[in-house]
1. Please go through segment 60-83 and give me each residue that is touching a helix residue (DSSP H, G or I) at 6+ places or on another chain (Cβ under 7 Å) and either in contact (Cβ under 8 Å) with a residue 40 or more places away in the chain or over 20 Å from A142 (Cα atoms) (or both), ordered by number.
2. Scan the helices (runs of 4 or more DSSP H) fully inside segment 45-151 and keep the ones with 2 or more residues being within 26 Å of E29 (Cα to Cα), at pLDDT 95 or above and of a type in the set (A, V, I, L, M, F, W, C).
3. Within segment 141-151, can you find the residues that are of a type in the set (G, A, S) and without any contact (Cβ under 8 Å) to a residue 40 or more places away in the chain?
4. Taking only pairs six or more apart or across chains, which ones have beta-carbon atoms under 6 Å, a first residue in segment 119-136 that is closer than 18 Å to T90 by Cα, and a second residue that is β-branched (V, I, T) and crowded, with 18+ Cβ neighbours inside 10 Å?
5. Looking at (1) of a type in the set (A, V, I, L, M); (2) modelled with pLDDT under 95; (3) outside any loop (DSSP other than H, G, I, E, B), which one does V40 not meet, given that it meets all the others?
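The values are calculated or read from the model by the stated rules, or taken from the named source; none is laboratory data. Keep in mind the model is a prediction, meaning the values are calculated, not measured. Cβ placement follows ideal geometry from the backbone for every residue including glycine, while neighbour counts extend to all protein chains displayed.
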Amino acid sequence: MAAPSFTHLMQGVAITTSSILRSSSKSLEDLKEARLLFEVEMVKTAAQRASGNDIERLEACHAAHIASMSDLSKFLHHDMLFHREIARITGNSIFPVLSESLIGWLGEFYRELVRLKGAEQLTISEHAQILAGINSKNPAKAETAMRAHLN
């Protein structure tokens, strides 16, 4: 039997949450609102706490994301890794798991948005703005960029 952990708990929650989201007509909006509140606050914390090494890892995530533009499944994977890295930068061990869960649930509903012509480049550009806010240790700039990205 696996030792209890937050990750194992979230895996159970993920199954239940996915079922709830599929059965409610308002689920997508609820999920977008939850992600917006969580990620906007999270990115401000990341901007305050980011070290030089954190910035290097986030830049590497961004570069890998750019390199994956020709393959949708890799592109989506690197998109999630970029957001998860921001969560890791906060230093809160719960945030990466929550971030990955929210993005995973959202991906079940609207993968088609990243298939729109030009959406990949827009995502890359928005991530660059988020990275700039974190790199400059400017929580307000990071917040504005994340809010624009998620809206």
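1. Narrowing segment 60-83 to residues touching a helix residue (DSSP H, G or I) at 6+ places or on another chain (Cβ under 7 Å): 61-62, 64-66, 68-69, 72, 75-76, 78-83.
The answer is H62, A64, H65, I66, S68, M69, L72, F75, L76, D79, F82, H83.
2. Details: elements: 52-67, 72-89, 95-110, 119-135, 139-150.
Because the criterion is at least 2 residues that are within 26 Å of E29 (Cα to Cα), at pLDDT 95 or above and of a type in the set (A, V, I, L, M, F, W, C), the helices (runs of 4 or more DSSP H) in segment 45-151 that meet it are 72-89, 119-135, 139-150.
3. Looking only at segment 141-151, we keep the residues that are of a type in the set (G, A, S), and these are 142, 145, 148.
A148, the sole residue that qualifies.
4. none
5. (2)
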